[in-house]
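Right, one structure below, let's go through it.
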Amino acid sequence: MARFVAIAAALIFACAAYGASRVYEYSPDAPRSERFSLSVDGKDCLVYPAGGAGDVAPFDVDGGARLRVKYFEDIKTASVRPLSKNVKFEKSGAREIEFSIDGPCRLAVEINGRERPLFVFANPPANPPAKRANSVVFCAGEIYDVGLDKKIASDTSVVVAGGAIVYGTFAAGDPETAEPTRNISLSGNGIISGETIPRPQERREITFLKTKSLEVSGITVVHPTNWAIALFACEGVKIDNVKVVSDSPRDDGIDLVSCKNAAVENCFLRTRDDCIAVKAGVDYGGIKFFETGIDASSENILVKNCSIWNGIWGNALEIGFETRGDEIKNVSFENIDILRALGAGGDEGVLTIHNGDRAKISNILYKDIRAEEAEGCAVNIRVLHSRYSRDKERGSVSGVRFENVSMRSEKPLKIKIEGYGRNSAVENVVFDNFSINSAPLKAGDIPPSEFAKNISAPAGRP
C-alpha cells in the first residue's frame, strides 16, 4: 500500500487535460471486475467490483460521451435505469451494448436481470475545494489504507482524487468532549472502501460528529460494514454527487441524525438497508445528546435529484425509527427516482415515517417521486413503540404531503397510517396525484385508523 500524502496549506493536482470524457488512472494492483468491462469514448475505464450489490465504474465527463459495456456472458435482456432518463441502448454484439449520455449522470445497467448490475457514475470534473488551513490529498494511481477512524480535524480539506482507492474509515469529532468541528470538506471522484475491515467487525465508513459547515462531494463508497455516511448533530451540510453501493447488513446509505440545514443532492444510493434516514437523538455515534445539552431536533433537510435502490431490508426514504428529539420538521424529498424498494417486512416500504419516540414530526414533503419497482408498503406512517424506542412518551406526525408520486409493483402495495393515542396521532396528510400502477389513489384506498385524522386524497387528479 502506498503511504498517504498530507500537504498543508496547498493542494497538488496532477491530472491530464479534460476533454469530453476522462477515465481515471488506477494502480496496476487495483481490483477489476470479472463480469463487466467498459469503454468511454473508446478509452478503457476500470470497473471496480463492489460485491453482491454490483460493480461500479466512475469517470469524468464534461459534455456527452459514448459508452460500450461488455458482459462476461451472452446478453439476453438489458435495461438502463432510472427509466426516467430514457437512455436508449443498442446491442453491438452477443455480449455488448452501447449507449450515449449527454452529461454527468448516475445509471444502473442491468444485464440478464436485476442482480449485480454495473453502476455507471459519470462525474462532473472535480473542482478544487475552498482553501482551508489543512489539506490531505489521496492521489490518482495509488492505493491507500488509512486504518480505522482516520481523523479529520477542523478546517481541513480531504481530496480523494479520481483513480485513488482508499481502504479504511474516516471520522470527524470527539464524542467524549462533544467539541464541535468546523469547516470540513471531503471531495474528489475517488473510491473509499471498507472491504479490508475484518468481519464481523463493523464500523461506520464515514462519520461526522457535531460538524458545522460540511461538504461531501464526488466520492464513491463501497463495501461499508455499517452505515456508509453518518452525520450526528451537524449543521450547514452539503452532500452532492455522492455514490454508495453496498449489500451489507445495517448499511444505511446516508443517515442524518439531529442535523439542521442540510442538503443531499445528485446522489446515488444502493443499499440493503435504509437508503436515506432522518433520525433524532440516537447516540450510536457516541454523542451524549442529553448529558451534554445538545439540541437533538432535526430540521430543514432537503433531499433532491437523487436515485436510490433499497434492498431486502429497511426503507427507501425513511424518517425514524429513532426520534429522540423535540422535533423533526421541514424535511423535503424532491425529484427522486427509486429504482427498487424491496423491503417487504411488516413496516418496511418506500416512503416511511416511523415515530418510535417523542418527537413531533411536521411539515414533511414528498414531491415528484418515481418508484420503478416497489414491494411492502407504498406509504407507512406510524407512531409506535418499537425495539428501537427509548423514550417513554410517544410523539406525533402532522402536515405530510405527497405530490406527484407514482409507483409500480407486481405485488399489492399497502398503505398504513396509524397513530398511537389521542395525543400521539397522525393528522393532516394529503395525497395529491398519487398513483400505483397508473391507478390514482382515492380516499377509500386508505384504511381508516382511530388515531389518524384528516387524511385526504383530492379527487379529479389524473
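The values are calculated or read from the model by the stated rules, or taken from the named source; none is laboratory data. Note that the structure is a prediction, hence the values are computed from the model and not measured. As a convention, Cβ positions derive from the backbone with ideal geometry for all residues, glycine included, and neighbour counts pool all protein chains shown.
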Among (1) more than 18 Å from Pro58 (Cβ to Cβ); (2) under 20 Å from the mean Cα position of the chain (by Cα), Arg182 falls short only on (2)
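In the range 44-81, which residue that is in a helix (DSSP H, G or I) and of a type outside the set (A, V, I, L, M) is surrounded by the fewest Cβ atoms within 10 Å (Cβ to Cβ)? Please lay out each step first, then the result.
First, pick out the residues of the range 44-81 that are in a helix (DSSP H, G or I): 51-53.
Add one more test, that the residue is of a type outside the set (A, V, I, L, M), and what stays is 51-52.
Details: Gly51: 15, Gly52: 11.
Taking the candidates together, the pick is Gly52.
One residue is enough: does the range 394-417 have a residue meeting the conditions of a type in the set (Asp, Glu) and more than 26 Å from the chain's Cα centre (by Cα)?
Going through the range 394-417, the residues of a type in the set (Asp, Glu) turn out to be 403, 410.
Now drop any that are not more than 26 Å from the chain's Cα centre (by Cα), which leaves none.
No - not one qualifying residue is present in the range 394-417.
Return yes or no: is Glu195 in the same structural domain as Gly147 (by TED's automatic domain parsing) and either surrounded by fewer than 21 Cβ atoms within 10 Å (Cβ to Cβ) or among the aliphatic types (A, V, I, L, M) (or both)? Lay out the reasoning, then the answer.
Numbers: in the same structural domain as Gly147 (by TED's automatic domain parsing): yes; either surrounded by fewer than 21 Cβ atoms within 10 Å (Cβ to Cβ) or among the aliphatic types (A, V, I, L, M) (or both): yes.
Against the criterion (in the same structural domain as Gly147 (by TED's automatic domain parsing) and either surrounded by fewer than 21 Cβ atoms within 10 Å (Cβ to Cβ) or among the aliphatic types (A, V, I, L, M) (or both)), Glu195 qualifies.
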**OP:** For Val245, indicate whether it is farther than 26 Å from Asp368 by Cβ, touching a helix residue (DSSP H, G or I) at 6+ places or on another chain (Cβ under 9 Å) and not charged (D, E, K, R).
**Re:** no
The condition of being in contact with a Ser or Thr (Cβ under 6 Å, 6 or more places away or on another chain), under 19 Å from Leu269 (Cα atoms) and not β-branched (Val, Ile, Thr) holds, among Arg203, Arg132, Arg182, only for Arg203
Out of (1) among the β-branched types (Val, Ile, Thr); (2) in contact with a Phe, Trp or Tyr (Cβ under 7 Å, 6 or more places away or on another chain); (3) part of a loop (DSSP other than H, G, I, E, B), the one Val303 does not meet is (3)
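Only strands (runs of 3 or more DSSP E) wholly contained in the range 82-141 count here; list those with 1 or more residues that are under 20 Å from Gly218 (Cβ atoms), of a type in the set (A, V, I, L, M, F, W, C) and touching a Gly at 6+ places or on another chain (Cβ under 7 Å). Step through it out loud before you land on a result.
Numbers: elements: 89-93, 96-101, 105-111, 118-123, 134-138.
Passing ranges, in order: 96-101, 118-123, 134-138.
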Selection from the range 393-413 of residues basic (Lys, Arg) and either at pLDDT below 95 or at positive phi (or both) yields Lys411
So is Gly93 in contact (Cβ under 8 Å) with a residue 40 or more places away in the chain, more than 19 Å from the chain's Cα centre (by Cα) and exposed (fewer than 13 other Cβ atoms within 10 Å of the Cβ) or not?
no
Query raised in the report: Scanning for something of a type in the set (Gly, Ala, Ser) and touching a Leu at 6+ places or on another chain (Cβ under 7 Å), does the range 401-417 turn up at least one residue?
Result: no
